[in-house]
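Any read-out appearing in this document is the output of simple, stated calculations on the displayed coordinates, not a laboratory observation. Owing to the predicted nature of the structure, the values given are computational and were not obtained by experimental measurement. Heads up, the Cβs are rebuilt from the backbone with ideal geometry, glycines too, and the neighbour counts pull from every protein chain shown.
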Amino acid sequence: MRFPDDVPTLTAGDVTLRAHRPDDVDAVVEQCLDPVSVQWTTVPKGYTREMALEFTGTSVPQMWESDKEFAFAIECTHPDGRRRFGGTVSLRDEGARRAELAFGAHPQVRGRGVMTTAVNLLLDWGFKERDFETVLWLANAGNLGSRRVAWRTGFTFGGTVRRWLDHRGEYPDAWVAALHRDDPREPTTPWFTPPVISGERVTVRPLRETDLPRIVEGCSDDRTQHWLSFLPSPYTDQDARDYLARVALNLAEGSQMQWAVADPESDVMIANVGIPRINRSSAEIGYWTHPDARRRGVMTEAVSLAVQHAFGDPSTGGMGMRRLFIKAAAGNRASQQVALVNGFERYGRERRAEVLRDGSYADMDLFDLLRDEWEARRP
């Protein structure tokens with residue numbers, strides 16, 4: 001294919017895909033110097049104008065002329081009102097009617113749906129004009145921005161391939177997903193976003209990196225370690241970072257919900273409440289409290305707010321659960337009291353089901369609450 005003559009122009013709303021031009025160079029440099037681009041893509045560090053000139057004037061034309069990769073410039077309106085280069089999106093022909101998707105956005109247009117529109121335009125063109133059967137998406141594990149675009153455009157996620165991608169001589173794990181030409185172009189699984197819910201004594205909000213010290217303190221506490229023996233010991237900063245990464249991925253997969261419980265005035269994290277296991281219309285509530293916030297009714301209210309969201313109508317942002325349950329070790333009276341005060345009823349016991357930090361085994365008391373029971377008790 002001849003460049004730029006054979007490069008089509010594709011448009012949807014404010015987003016246009018077109019051939020790269022010399023006047024894109026300054027914006028290409030801005031994108032490739034952006035820390036997010038450096039972190040997640042293989043753009044050379046210390047990106048220069050000369051590199052951008054080579055990319056737009058030599059590399060991209062060669063891609064088209066080889067008939068092996070089809071890279072489009074994204075043009076859209078930036079926040080300053082000007083229409084200009086907003087990123088690059090491409091399909092690489094892998095043979096046998098298969099292609100790999102790649103994309104990168106200018107920092108000023110991220111989070112506005114530009115890339116989702118651009119990818120959909122490209123996929124439409126690739127399936128129709130290039131007759132691709134399946135398109136593959138790969139990204140460094142942890143790249144939630146890229147994953148969200150793939151999720152929004154209907155890709156089915158296949159898991160993680162260990163040490164697969166070549167990232168400047170390092171080999172990070174790769175997330176992988178695929179889209180068939182006949183697949184619906186919309187998400188097939190939920191992507192949870194923890195809402196901020198305010199109570200009288202606490203606010204539940206999404207976990208943040210600034211919560212790391214409080215997570216380490218709470219999960220290092222002897223009492224927490226005794227009842228939650230699955231926690232690493234000693235519990236380190238890296239353990240807390242790994243926990244936040246798992247939470248972010250589980251939210252993206254729609255497999256669990258987690259909140260920081262924060263003081264409403266200082267916003268300091270004082271506990272953790274979540275829904276770690278979801279099975280259709282049934283889910284578990286789990287929690288722990290920072291040692292300096294115990295015996296203040298903090299967790300009782302936090303669980304109440306979590307229950308409110310779990311039982312809430314999906315049309316108004318709730319999860320639409322019909323049954324919730326809590327498991328608490330037989331000797332953990334504080335945890336059991338939180339369940340009972342929130343209307344959960346004891347329905348059974350799992351004998352010697354939980355190993356404690358000292359190596360002993362505790363019975364687990366089981367509590368549950370049905371949505372119709374909860375609704376009947378509400379004022």
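Determine ³J(HN,Hα), in whole Hz, for all residues of the stretch 172-180 in sequence, where each value follows from phi through the Karplus function 6.51 cos²θ - 1.76 cosθ + 1.60 and θ = phi - 60°; x replaces Gly and Pro.
x, 5, 10, 7, 9, 8, 9, 9, 8
I need the phi-derived Karplus couplings for the stretch 331-336: 6.51 cos²θ - 1.76 cosθ + 1.60, θ = phi - 60°, integer Hz, Gly and Pro marked x.
Working through the residues one at a time gives x, 8, 5, 5, 5, 5 Hz.
Which is farthest toward the positive dipole end of the stretch 10-180 among TRP125, GLY145, CYS76, measuring Cα position about the Cα centre, with Cβ charges +1 (Lys, Arg) and -1 (Asp, Glu)?
Towards the positive end, the residue furthest out is GLY145.
Throw me the Rg/Rh for the stretch 55-100, computed over C-alpha atoms with Kirkwood Rh, two decimals.
Looking at the stretch 55-100, the ratio lands at 1.12.
Return the whole-Å distance between the Cα centroid of the stretch 279-330 and the Cα centroid of the stretch 1-65.
Distance between centres, Cα-based: 48 Å.
With +1 on each Lys and Arg Cβ and -1 on each Asp and Glu Cβ, and nothing else charged, work out how big the dipole of the stretch 10-180 is about its Cα centre, in Debye to the nearest 20.
Using Cβ point charges on Lys, Arg, Asp and Glu, the stretch 10-180 gives about 520 debye.
Determine the principal axes of the Cα atoms in the stretch 10-180, then give the extent along each, sorted from largest to smallest and rounded to whole angstroms.
38, 36, 32
When the expected Rg is taken as 2.2 N^0.38 Å, what fraction or multiple of it is the alpha-carbon Rg of the stretch 197-377?
In units of the globular-protein estimate, the stretch 197-377 measures up at 0.99.
When the helices in the chain are scored as -39500 (n - 2.57) per DSSP H run of 4 or longer and the sum is shared across all residues, what 222 nm value do you end up with, to the nearest 500 deg cm²/dmol?
Computed mean residue ellipticity for the chain: -9000 deg cm²/dmol.
Among the aspartates and glutamates, which have Cα under 15 Å from the Cα of LYS327 when same-chain residues fewer than 8 positions away are ignored?
GLU284, GLU345, GLU350, GLU354, ASP363, ASP365, ASP368
With each label point set 7 Å from Cα along the Cα-Cβ vector, what nm distance links ASP242 and ARG49?
Computed distance between label sites ASP242 and ARG49 equals 4.7 nm.
Which log10 I(q)/I(0) values, to two decimals, does the stretch 127-265 give at q = 0.08, 0.09 Å⁻¹ under the Debye formula with one point per Cα?
With one equal scatterer per Cα and no solvent, log10 I(q)/I(0) is -0.32, -0.40.
What distance in nm separates the simple spin-label points at ALA376 and ARG163, each placed 7 Å from Cα in the Cβ direction?
It is 5.8 nm.
When a/c reaches 1.5 or more, the comparison of a/b and b/c decides; with that in mind, is the chain rounded, prolate or oblate per its Cα gyration tensor?
prolate
What's the FRET efficiency of GLU30 with VAL341 using the Cβ-Cβ distance as r and R₀ = 51 Å, to the nearest 0.05?
0.40
Normalised by the number of residues in the chain, what is the relative contact order in percent for Cα pairs under 8 Å and 6+ residues apart?
Normalised by residue count, the contact order of the chain is 9 percent.
Could you tally the net charge around ILE326, taking each other residue with its Cβ under 12 Å from the Cβ of ILE326, Lys/Arg +1 and Asp/Glu -1?
0
Once the cut-off is 15 Å, how many percent of the Cα-Cα pairs in the stretch 56-139 end up in the long-distance tail?
58
Dipole magnitude of the chain about its Cα centre, charges +1 at Lys/Arg Cβ and -1 at Asp/Glu Cβ only, in debye to the nearest 20?
Dipole size: approximately 920 debye.
Scale the Cα Rg of the stretch 231-321 by the rule-of-thumb value 2.2 N^0.38 Å and send over the ratio, two decimals.
Dividing the Cα radius of gyration by 2.2 N^0.38 Å gives 1.15.
How many angstrom lie between the C-alpha centres of the stretch 241-256 and the stretch 170-209?
Between the Cα centres of the stretch 241-256 and the stretch 170-209 lies a distance of 8 Å.
In terms of Cα to Cα distance under 27 Å, which lysines are near enough to LYS68, apart from those fewer than 8 places away along the same chain?
Result set, ordered by chain and number: LYS45, LYS128.
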